[in-house]
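Worksheet: the structure to be examined is printed underneath.
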Amino acid sequence: MSFDAIIIGAGPAGATCAIALARRGWSVALVERMSFPRRKVCGEFISATSLAVIDGVGIGEAFRRAAGPQVRRLAFFGGERVVEAAMPAAPGAGFGRALGRDVLDDLLVSEAARSGARLFQPWRALALERRGALQQLTIGARGETRKLSAPVVIAAHGSWEPGGLPSQPGKAHRPSDLLGFKAHFSGARLAGEVMPLIVFPGGYGGMVWSDGGRLSLSLCIRRDMLLRLREEAKGGPAAAAVHRHLLASCRGVRAAIGGAELSGPWLAAGPIRPGMRPRYAEDIFRAGNVAGESHPIIAEGISMAIQSAWLLAEELALIEPASEAARALAGRRYALRWRRHFAARIAVASALAQLAARPATAELMGWGVARLPPLLTLGARFSGKTKPLGAAMAEET
Ligand SMILES: Cc1cc2nc3c(=O)[nH]c(=O)nc-3n(C[C@H](O)[C@H](O)[C@H](O)COP(=O)(O)OP(=O)(O)OC[C@H]3O[C@@H](n4cnc5c(N)ncnc54)[C@H](O)[C@@H]3O)c2cc1C
């Protein structure tokens, strides 16, 4: 089966790109290994800077109907400290909100199918090879394999799962690896408009009200700390050890979820791989986490995924997909725009994550925001919360 473009992965990046290209008349195959709806390790907060793209792909109304309350305040929860500050508003867009990944990803994929993309789900992308002018992707499900061909291949499969594709990560493990955990709670106690940053020994996390009255709690914890916690607990599930550690080490977390009920099981993923990567290499375009990933401490990954996919589709729409020279040019332009728009927030997120990771600097961070709460507002501003994609596009053109 032949297409203009094959997109691997139907998370926020892949599905957004599929919608944008299919609406421009491209024939698109969208390959996703999981059945939806499915929950996913993610804090679920979506910056207001992404609302223009959310409207652009046609799910704005459904998003506003379902998402949790506007997040107008930030907080810092670390040890006994609980500090609050204002969330900066995005110009013309206001404040972000959270929506469960089971809901968001399903909305986007349904819209991709309505826009004309051909969905292969649940099918896993297994191998990619060049065949003359086209690339051929082998996909597999339930013991069956199929071949899909296209001149344009877009990797949007995230960055946490190893695999055999040239754009997928290898399997190295280090004690300093950060592992992601996430849970939903019902009956939690947290002011509706607040999103706290949680800093605890060995990691950081966040909480926010998502859709349907669910509180989303997500975190990253170092592998060596997790091992220590499990040894101290003499076994048992990793998530239970993390849950106890959070309650024991953070007053704000105790107040919010001490009497709450888990709503669904804990999820785990990782190691996560923050950093910048090639946005176009080996004739594969990359969007979302594959292209580059910020530490989740700034809760910008979904926004970077859908915004990068939108930028990529804009560049691809200008070219003839079968022309190798045109693809290379689109790749260069996309890589440049990507860097201009996202590189700074990756650096800011990395600096904040380094501060949160060590007890001495985490203490300094807590001391600083307790004395000067607007530092939290400043951190959010530097992390991209006030930089809509539209503004960047106007500057560039
Ligand atoms: C603890 C934690 C908290 C976070 N909190 C937030 C937050 O509050 N706000 C925010 O904006 N970001 C947050 N993030 C980051 C955010 O989750 C990611 O940046 C975002 O999911 C990236 O989207 P994506 O589309 O690039 O990849 P993904 O969402 O990972 O989607 C990739 C898709 O590809 C599929 N796939 C993978 N391999 C294959 C294959 N071989 N074949 C077919 N399909 C495949 C997967 O099943 C998946 O559906 C958080 C991350 C972590 C770890």
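The values are calculated or read from the model by the stated rules, or taken from the named source; none is laboratory data. Fair warning: this is a prediction, and the values are worked out from it, not measured in the lab. All Cβ positions, even for glycine, are placed from backbone atoms using ideal geometry, and neighbour counts span all protein chains on display. Side chains are part of the model used for accessible areas, which takes the heavy atoms of the whole protein and leaves out ligands, DNA and RNA. Shrake-Rupley method; radii C 1.70, N 1.55, O 1.52, S 1.80 Å.
Per residue of the chain, what 222 nm ellipticity follows from adding -39500 (n - 2.57) for every DSSP H run with n ≥ 4, rounded to the nearest 500? So the helix-based figure for the chain works out to -11500 deg cm²/dmol. Calculated FRET efficiency, LEU378 to ARG114, Cβ-Cβ distance, R0 = 35 Å: about 0.30 to the nearest 0.05. Modelled spin-label separation between THR361 and THR138, with each label point placed 7 Å from Cα along the Cα-to-Cβ direction: 4.4 nm.
Relative to the longest principal axis of the Cα atoms of the chain, the long axis of helix 223-232 lies at roughly 50 degrees.
Of the solvent-accessible surface of the chain, computed with a 1.4 Å probe and all protein chains present, 56% belongs to carbon and sulfur.
Take the alpha carbon gyration tensor of segment 176-283, find the square roots of its eigenvalues, order them as a ≥ b ≥ c, and report rounded if a/c is under 1.5; if not, report prolate when a/b exceeds b/c, else oblate. Oblate, since a/c reaches 1.5 and b/c is not below a/b. The order of the peptides 155-167, 8-20 by mean Cβ neighbours within 10 Å, most packed first, is 8-20, 155-167.
Phi angles of segment 20-32 translate, via the Karplus equation with coefficients 6.51, -1.76, 1.60 and θ = phi - 60°, into HN-Hα couplings of 5, 6, 4, 5, 8, x, 6, 8, 10, 9, 10, 10, 9 Hz per residue; Gly and Pro are given as x.
Label positions at ARG251 and ALA233, each projected 7 Å from the Cα along the C-beta direction, are separated by 2.5 nm.
The phi-based Karplus calculation (6.51 cos²θ - 1.76 cosθ + 1.60; θ = phi - 60°) puts the 3J(HN,Hα) values of segment 328-343 at 4, 5, 4, x, 5, 5, 5, 4, 5, 5, 4, 4, 4, 8, 10, 4 Hz, whole numbers, x for Gly and Pro. When a/c is below 1.5 the answer is rounded, else prolate if a/b is larger than b/c, else oblate, so apply that to segment 131-172 with a ≥ b ≥ c taken from the square roots of the Cα gyration tensor eigenvalues. Oblate, since a/c reaches 1.5 and b/c is not below a/b.
The packing ranking, built from the mean of other Cβ atoms within 10 Å per residue, places the peptides 378-389, 31-42 in the order 378-389, 31-42, highest first.
For the pair LYS147 and MET34, the difference between a 0.36 nm per residue extended length and the Cα-Cα distance amounts to 38.8 nm.
Approximating the spin labels as points 7 Å out from Cα along Cα→Cβ, the ALA328-to-ASP55 distance works out to 4.0 nm.
Cα gyration tensor of segment 1-158, axes a ≥ b ≥ c as square roots of the eigenvalues: rounded (a/c below 1.5), prolate (a/b > b/c) or oblate? Prolate, because a/c is 1.5 or more and a/b exceeds b/c.
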